[in-house]
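The values are calculated or read from the model by the stated rules, or taken from the named source; none is laboratory data. Remember, it's a predicted structure, so these values are computed and weren't measured experimentally. Cβ atoms come from the backbone with ideal geometry, glycine included; neighbour counts cover every protein chain shown. The area values use the complete protein model at the heavy-atom level, side chains included, leaving out ligands, DNA and RNA. Shrake-Rupley method; radii C 1.70, N 1.55, O 1.52, S 1.80 Å.
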Amino acid sequence: MELYFNDRFFSTGQTDIMDKGGMPAGMLDLESMLTSSISVFGQGSSLRCTGKFRFMGNTWEVSGAAGEELGTLRAKFSLFSKRYEYDAGYRGIYTIESPAFSQDYAILDRSETTVATFQKVSGWLQPGAFRLLNDASELDSYELVAVIMGVHSIQKRNNNHAAHS
C-alpha cells in the first residue's frame with residue numbers, strides 16, 4: 001500500500017491521508033502541538049490507532065483503536081545514520097534507519113529484510129510530508145503512519161532541544 005500524509009505547520013489540526021492516486025484513504029488528526037499526540041483514521045473515519053509520547057520520556061507509544069498498546073518507538077544511538085527501533089511486541093522488533101543526511105528510510109524486520117520504506121518528500125520550509133510504501137510488512141499501513149509520525153516527532157523534539165542548548 002502506498003500512502004501520502006503530512007504534518008501541519010503548527011502540528012495541530014486534521015490532514016488527509018491520500019493513496020497513490022490522490023484519493024482520500026484516511027485522515028491524520030494532529031491533536032495538539034503541545035503534546036504531539038496523533039490519531040490515525042482509516043477510510044470511513046474509523047479510528048485505526050493513536051500515537052503519543054509517554055509521560056516524561058522520549059518513547060513514542062502506538063496504541064490500537066481500543067487503547068491496547070501496539071508498540072513503542074525509540075531512537076537508537078548511531079554515529080553516521082538515523083536509527084530507531086519499533087518494538088511491536090509479539091509481532092517482532094523493527095529497525096528504522098536512514099543514512100545521516102538522507103530523507104529516505106527503510107523499515108527492516110528482525111532478519112534485516114526491508115519490509116517497508118518511507119521518504120520525507122517536503123521542501124525546506126514546509127512541514128513534514130511523507131510517502132509510505134508498505135508492500136511486505138506484517139504491520140498495518142495505518143500503524144506505520146503513526147510510527148512515521150513518531151519518528152518525525154522525536155526528530156522535532158531533538159532539534160528543539162539542540163536549538164535551546
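Taken about its Cα centre, segment 84-155 carries a charge dipole of about 260 debye when Lys and Arg each add +1 at the Cβ and Asp and Glu each add -1 at the Cβ. Within the assembled protein chains, the solvent-accessible surface assigned to residue 87 is about 50 Å², based on a 1.4 Å probe.
In straight-distance terms, cross-link reach from residue 52 covers every one of the lysines whose alpha-carbon lies under 19 Å from its own, apart from those fewer than eight places away in the same chain; here that gives 76, 156. For the chain, the longest piece that avoids every one of the GluC sites (Glu not before Pro) found in DSSP loops with at most 15 other C-beta atoms within 10 Å covers 1-67.
What does the charge count around residue 102 come to, taking other residues whose C-beta lies under 15 Å from its C-beta (Lys +1, Arg +1, Asp -1, Glu -1)? Net charge around residue 102: +2. Within segment 46-97, the chymotrypsin sites (Phe, Trp or Tyr not before Pro) that combine a DSSP coil assignment with at most 13 other C-beta atoms in a 10 angstrom radius are 55, 77, 80. The residues neighbouring residue 48, those whose beta-carbon lies less than 14 Å from its own, together hold a net charge of -4 under the Lys/Arg +1, Asp/Glu -1 convention.
All other residues whose Cβ lies under 12 angstrom from that of residue 140 are scored, Lys and Arg at +1 and Asp and Glu at -1, for a net of 0. Dipole size of the chain about its Cα centre, with +1 on Lys/Arg Cβ and -1 on Asp/Glu Cβ: approximately 580 debye, rounded to the nearest 20.
Determine the shape class of the chain: with a ≥ b ≥ c the square roots of the Cα gyration tensor eigenvalues, call it rounded for a/c under 1.5, and otherwise prolate if a/b is greater than b/c, oblate otherwise. It is rounded, given that a/c, with a ≥ b ≥ c, falls under 1.5.
Here segment 29-124 yields Rg over Rh of 0.98, to two decimals, using C-alpha coordinates and the Kirkwood radius. Using a/c under 1.5 as the rounded threshold, could you call segment 50-94 rounded, prolate or oblate? The axes a ≥ b ≥ c are square roots of the C-alpha gyration tensor eigenvalues, and prolate needs a/b larger than b/c, oblate otherwise. It comes out oblate by the Cα gyration axes.
Relative contact order for the chain using alpha-carbon pairs under 8 Å, separation at least 6, rounded to a whole percent? Computed value for the chain: 18 percent relative contact order.
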